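My questions all concern the structure below.
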Amino acid sequence: MQKGRFVSFEGIEGCGKTTQIALLSEYLKQQSIPHTITREPGGTAVGEGIRKILLNSETIHLTAASELLLFYASRSQNIQEKIKPALERGEMVLCDRYYHASMAYQGYGRGIPLDFINKLTDLVVADFRPDMTLLLDISPEVGLARARARNHGLSENEGRFEAEDLEFYGRIRDGYLEMASEDPRIQLIYAERPVELVHRHILQVLGLEARA
C-alpha cells in the first residue's frame, strides 16, 4: 500500500531537472523529511546497466521499439527495488523522469502509438503513479545548448539524445505540454528563469513554501 508521496520531474534535455532535484533534496534534509531519489533510466543495478546502452552516443541503430522496451525494463526494476519500498516506508520519492518521458520521447518524438505506450504503462507501472509531476518547460534551443555544454564536462558518454535535432525536441515539448493540459497532476514550471526562482516555485506547488 502506497503511503509516501511520489513526485516525478519531467522536461526536455537541459531543463534543469537534476539541479532542481538536488536543491529540493537539500531542502528536505534541512526539514528532516525522509526521501529517496531515483532516476530513469537507472536507479538500480539493472537500470544503470540499461542506462549505459540507452544514453551512450556510441549506441547506434537502436529501433524505437527497442528503446521503449529498454526504458520500461529499467522502470520495472526501479519500481520494485526503489520506488515501492520507499513509498511503503512513508518517504517522499523524487524521480528524475518516469512514464511521461516515454510518452513524450518515444510516443510524440519517435511516433510509437500512444495507446500502446499506455497499455505498457498499465502493465509495468500499475498503481505506482506520481501524486504530482513537475514539468520543467524550456525551449528546445535553450535546453539543447545547456545540455550539450554540460556533456562536455562529463566523464560518462551520455550524449545520444542530445545528438537529436531541434524538430525532435519540438515534438517532445509539444507532447509534454499537451499532457499537462489534460492532466491536473502535471504542474508546469517555467524553467528558463534563474535556478533559485524555479526552486521557490517548486516548493510552492509542493506545498512546502511555508516551511522555508
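The values are calculated or read from the model by the stated rules, or taken from the named source; none is laboratory data. Quick caveat: nothing in here was measured; it's all calculated off a predicted structure. Cβ: placed from backbone, ideal geometry, glycine included. Neighbour counts: every protein chain shown.
Among the residues of the stretch 26-40, is there at least one that is in contact with a Cys (Cβ under 8 Å, 6 or more places away or on another chain), of a type in the set (S, T, N, Q), closer than 29 Å to Tyr190 by Cα and in contact (Cβ under 8 Å) with a residue 24 or more places away in the chain?
Among the residues of the stretch 26-40, at least one is in contact with a Cys (Cβ under 8 Å, 6 or more places away or on another chain), of a type in the set (S, T, N, Q), closer than 29 Å to Tyr190 by Cα and in contact (Cβ under 8 Å) with a residue 24 or more places away in the chain, which makes the answer yes.
Something else: Name every residue in the stretch 1-60 that is basic (Lys, Arg), farther than 21 Å from Ile172 by Cα and either touching an Asp or Glu at 6+ places or on another chain (Cβ under 9 Å) or surrounded by 14 or more Cβ atoms within 10 Å (Cβ to Cβ) (or both), in order of residue number.
Result: Lys3, Arg5, Lys52.
Next question. Is it true that some residue in the stretch 117-126 is at pLDDT 95 or above, surrounded by 16 or more Cβ atoms within 10 Å (Cβ to Cβ) and in contact with a strand residue (DSSP E or B) (Cβ under 8 Å, 6 or more places away or on another chain)? Lay out the reasoning, then the answer.
Filtering the stretch 117-126 for residues at pLDDT 95 or above gives 117-126.
Those left that are additionally surrounded by 16 or more Cβ atoms within 10 Å (Cβ to Cβ): 117, 120-121, 124-125.
This time we only want the ones that are in contact with a strand residue (DSSP E or B) (Cβ under 8 Å, 6 or more places away or on another chain), so: none.
No, the stretch 117-126 contains no residue that is at pLDDT 95 or above, surrounded by 16 or more Cβ atoms within 10 Å (Cβ to Cβ) and in contact with a strand residue (DSSP E or B) (Cβ under 8 Å, 6 or more places away or on another chain).
For Glu13, which of the numbered conditions (1) modelled with pLDDT of 95 or more; (2) among the charged types (D, E, K, R); (3) under 22 Å from Leu177 (Cα atoms) fails to hold?
(1)
List pairs: first in the stretch 53-69 and at pLDDT 95 or above, second in a helix (DSSP H, G or I) and surrounded by fewer than 15 Cβ atoms within 10 Å (Cβ to Cβ), Cβ under 9 Å, 6+ apart or cross-chain?
As it stands, the answer is Leu68/Phe116, since those pairs meet every condition given.
Kindly indicate whether Glu13 is assigned to a loop (DSSP other than H, G, I, E, B) and either over 14 Å from the mean Cα position of the chain (by Cα) or not small (Gly, Ala, Ser) (or both). Break it down stepwise before answering.
Values: assigned to a loop (DSSP other than H, G, I, E, B): yes; either over 14 Å from the mean Cα position of the chain (by Cα) or not small (Gly, Ala, Ser) (or both): yes.
Against the criterion (assigned to a loop (DSSP other than H, G, I, E, B) and either over 14 Å from the mean Cα position of the chain (by Cα) or not small (Gly, Ala, Ser) (or both)), Glu13 qualifies.
Examine the stretch 47-67 for a residue that is within 24 Å of Glu209 (Cβ to Cβ) and among the small types (Gly, Ala, Ser), and state whether such a residue exists.
Taking the stretch 47-67 and keeping what is within 24 Å of Glu209 (Cβ to Cβ), we get none.
The answer is no; no qualifying residue exists.
Further, regarding this structure: Considering only the stretch 89-97, I want to know if a residue exists there that is modelled with pLDDT of 95 or more, closer than 14 Å to Pro130 by Cα, part of a loop (DSSP other than H, G, I, E, B) and in contact with a His (Cβ under 6 Å, 6 or more places away or on another chain).
Yes: one or more hits.
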